[in-house]
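To keep things clear, I will list the structure first and then write my remarks on it.
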Amino acid sequence: MNISDVFKQLGFNENKRKVYLSLINLGEATARDISHSCKVERTNTYKILSELMEQNLVEELPGKVKKYLVVNPTKLIDIQEENKKAIEAVMPELMGMLGSGTTKPKLKYYEGEEGVKKVFEDSLNMAPGSVIKSFSSTENIIGRFGQIYTRHYAERRAQAKITRLSLRPTSDKPKSKNDWEIFSSDDSLKREIRFLPSHIKNTTLIQIYDNKISVIGAPEEGYAFILESKELYNLLGQVFDLVWMTAN
């Protein structure tokens, strides 16, 4: 691999590479000197120098005459590291898209508070009249985001005309009138709640909707994912319906 290939991998076009390498050879130089050396139009040279300064690869020297100097070329390694981190950040979503043109299930994995919110709110993209079936724990969502966010989400869902059927652990039963808003069925919020048998404990949120299964792990585990699979959606939907009929 030659030096041109390396710079292409770093995202440098031909003119940017010429300007950068010319400045390395010249040491301190004006834009006019650089333009003359690398045969790149001066207006374009100024633009490229500005880009290189934003990347911390070139610095402008103080003085009456504006001159430029290449920062230590090892800074190029930082660009590669930043590119690697950017790719790693979107890798879960890219892997989830893999094979999206086939019937293969699609998995998208998320971490962190914003990732959890993205998974939780994905169901809001459904058409009016849709239904979310959930095994849920208010401890999971309210413990993470608080009652204001939880109430706001419920209002947005109701405005979108999406109904929520929720199976919750008995620990979620309202203990006072103040708990009623969050822990009970509410027609205005298009929410119906039933409770699981007392021996079933649950801090994981599972939502079944739109050929998808979304899962938000317990707060201490800090993960969330969306699995799109019509077969699993149908199976878990039937399991939910069976439990729903016997819950109270």
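In order along the range 150-163, the phi-based Karplus estimate (6.51 cos²θ - 1.76 cosθ + 1.60, θ = phi - 60°) of 3J(HN,Hα) comes to 4, 5, 4, 4, 4, 5, 4, 5, 5, 4, 7, 6, 10, 8 Hz; Gly and Pro are listed as x.
Evaluating 6.51 cos²θ - 1.76 cosθ + 1.60 at θ = phi - 60° for every residue in the range 109-126, the Karplus couplings come out as 10, 9, 9, x, 4, 5, x, 5, 4, 4, 5, 4, 8, 4, 5, 5, 7, 6 Hz, glycine and proline recorded as x.
Per residue, the convex hull spanned by the Cα atoms of the range 182-226 amounts to 112 cubic angstrom.
With respect to the cross-link table entries Lys106/Lys190; Lys108/Lys173; Lys84/Lys108; Lys85/Lys133; Lys104/Lys133, which display a Cα-Cα separation exceeding 26 Å? Don't jump to the answer; show the numbers that get you there.
Values: Lys106/Lys190 29 Å; Lys108/Lys173 32 Å; Lys84/Lys108 20 Å; Lys85/Lys133 36 Å; Lys104/Lys133 23 Å.
Table pairs above 26 Å Cα-Cα are Lys106/Lys190; Lys108/Lys173; Lys85/Lys133.
For the chain, the alpha-carbon coordinates run over 82, 43, 32 Å along the three principal axes, in decreasing order. Multiplying each eigenvalue of the alpha-carbon gyration tensor of the range 3-77 by 5 and taking the square root yields semi-axes of 19, 14, 10 Å, largest first, rounded to whole angstroms.
How far, in nm, would the chain grow between Val243 and Ile200 when pulled straight, counting 0.36 nm per residue and subtracting the alpha carbon separation?
Details: separation 43, 0.36 × 43 = 15.48 nm, distance 1.19 nm.
That works out to 14.3 nm of additional length.
Annotation: peptides 44-52, 69-77, ranked by per-residue average of other Cβ atoms within 10 Å with the highest first, follow the order 44-52, 69-77.
Summarising the strand pairing of the range 101-248, around 65 percent of its internal DSSP beta bridges are antiparallel. Counting only Cβ charges, +1 for Lys and Arg and -1 for Asp and Glu, the dipole size of the chain around its Cα centre is about 420 debye.
Efficiency by 1/(1 + (r/R0)^6): what FRET value for Thr43 and Glu114, r their Cβ-Cβ distance, R0 = 51 Å, to the nearest 0.05?
Details: r = 41 Å, r/R0 = 0.80.
For R0 = 51 Å, the calculated efficiency reads 0.80.
Here the range 104-238 yields Rg over Rh of 0.94, to two decimals, using C-alpha coordinates and the Kirkwood radius.
Net charge near Phe12: determine it from the other residues with C-beta under 12 Å of the C-beta of Phe12, scoring Lys and Arg +1 and Asp and Glu -1. Each step should come with its number before you reach the end.
Values: positive: Lys8, Lys16, Arg17, Lys18; negative: Asp5, Glu14, Glu51.
Overall, the nearby charge balance is +1.
Of all aspartates and glutamates in the structure, the ones whose alpha carbon falls short of 18 Å from that of Lys201, not counting any fewer than 8 places away in one chain, are Glu139, Asp172, Glu220, Glu221. Residues in the range 233-242 carry Karplus couplings, in order, of 4, 5, 5, 5, x, 5, 4, 4, 4, 5 Hz; the curve used is 6.51 cos²θ - 1.76 cosθ + 1.60 with θ = phi - 60°, and Gly or Pro positions show x.
The numbers here are math on the coordinates, done by the rules we state, and not lab data. These numbers were taken from a predicted model, which means no experiment stands behind them. Every residue, glycine among them, receives a Cβ derived from its backbone with ideal geometry; neighbour counts consider all protein chains shown.
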